[in-house]
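J.: First, the structure itself, so that you have it in front of you.
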Amino acid sequence: MKTIVIVDDHTLLSQAISGLVNSFENFKVLYTCKNGQELLDNLKFENKRPDIVLMDVNMPIMDGIEATTNLKELYPDILVLALSVEEDDHTILKMIRAGAKGYLLKDTEKKVLENALNELIINGYYHTNTVSQLLVKSLDGDNRDELRDREIEFIKHACTEMTYNEIASVMFLSPKTVQGYRDSVFSKLNLKNRTGLVIYALKSGLFKP
């Protein structure tokens, strides 16, 4: 059973989402919070941390973007799925770049939400076509330095399910060297995470599934 915390300043809506999630076979809501600061405060004292946080964007005291940024730094194993009424491109990209692994609107159907939660657990992220297109679009116009052959090789391996340690093994390199490739590639392509790298590789033709 995977556990979830809901962060939303609208109490009735938060309770409704909680009831919905609890109706899913593989998920259970631990508790709800009214803003990001309350979530961070609870995580300091709660023995059991959630697998997923359903995060609203606009909230008082600490909004979803700041809270997600803090979670990424303090609790990187917790997956954040944004669930908001905000649907402008700028807000979506800010949440994804802050560390959210997916973004859904609050008028999403029940089955879509359940599917998103399951994909988060299985794949580590859930991106709708809209989010994927925004991430690809955000890469357009970037100043990209020329990639070296070994960096291109690393990118192709990074598009698979291999861990960075496994990539180091197949490339006959140390994990530290592979981490160096990762940091260099992220810097050259102006990327924040592996998901963005996969989207870039697919778009550019470096990787074909």
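The values are calculated or read from the model by the stated rules, or taken from the named source; none is laboratory data. Only a predicted model underlies this, so the values are computations on that prediction, with no experimental measurement involved. Neighbour counts run over all protein chains shown; Cβ positions are idealised from the backbone, glycine included. In case anyone asks, the SASA skips ligands and DNA or RNA and just uses the protein heavy atoms, side chains included. Shrake-Rupley method; radii C 1.70, N 1.55, O 1.52, S 1.80 Å.
J.: For the subset of segment 87-129 comprising residues that are under 12 Å from the mean Cα position of the chain (by Cα) and surrounded by fewer than 16 Cβ atoms within 10 Å (Cβ to Cβ), which member is modelled with the highest pLDDT?
T.: Result: ILE121.
J.: Check segment 30-51 and report whether any residue there is in contact with a strand residue (DSSP E or B) (Cβ under 7 Å, 6 or more places away or on another chain), within 18 Å of MET95 (Cβ to Cβ) and among the acidic types (Asp, Glu).
T.: no
J.: Still on this structure: Determine which member of the set VAL80, VAL21, VAL57, VAL7 is open to solvent by less than 10 Å² (accessible area, probe 1.4 Å), touching a helix residue (DSSP H, G or I) at 6+ places or on another chain (Cβ under 9 Å), modelled with pLDDT of 90 or more and closer than 21 Å to ARG194 by Cα.
T.: Values: VAL21 fails: closer than 21 Å to ARG194 by Cα; VAL57 fails: closer than 21 Å to ARG194 by Cα; VAL7 fails: closer than 21 Å to ARG194 by Cα.
Just one listed residue meets the conditions, VAL80.
J.: Every residue in segment 161-190 that is in contact with an Asp or Glu (Cβ under 9 Å, 6 or more places away or on another chain) and outside any helix (DSSP H, G or I), please.
T.: Initial filter on segment 161-190 (in contact with an Asp or Glu (Cβ under 9 Å, 6 or more places away or on another chain)): 171, 181, 184-185, 187-190.
Hits for segment 161-190 are MET171, ASN190.
J.: Is it true that GLU46 is under 14 Å from the mean Cα position of the chain (by Cα) and farther than 19 Å from VAL112 by Cα? Even if it seems obvious, please write down each step before you answer.
T.: Numbers: under 14 Å from the mean Cα position of the chain (by Cα): no; farther than 19 Å from VAL112 by Cα: yes.
In short, no.
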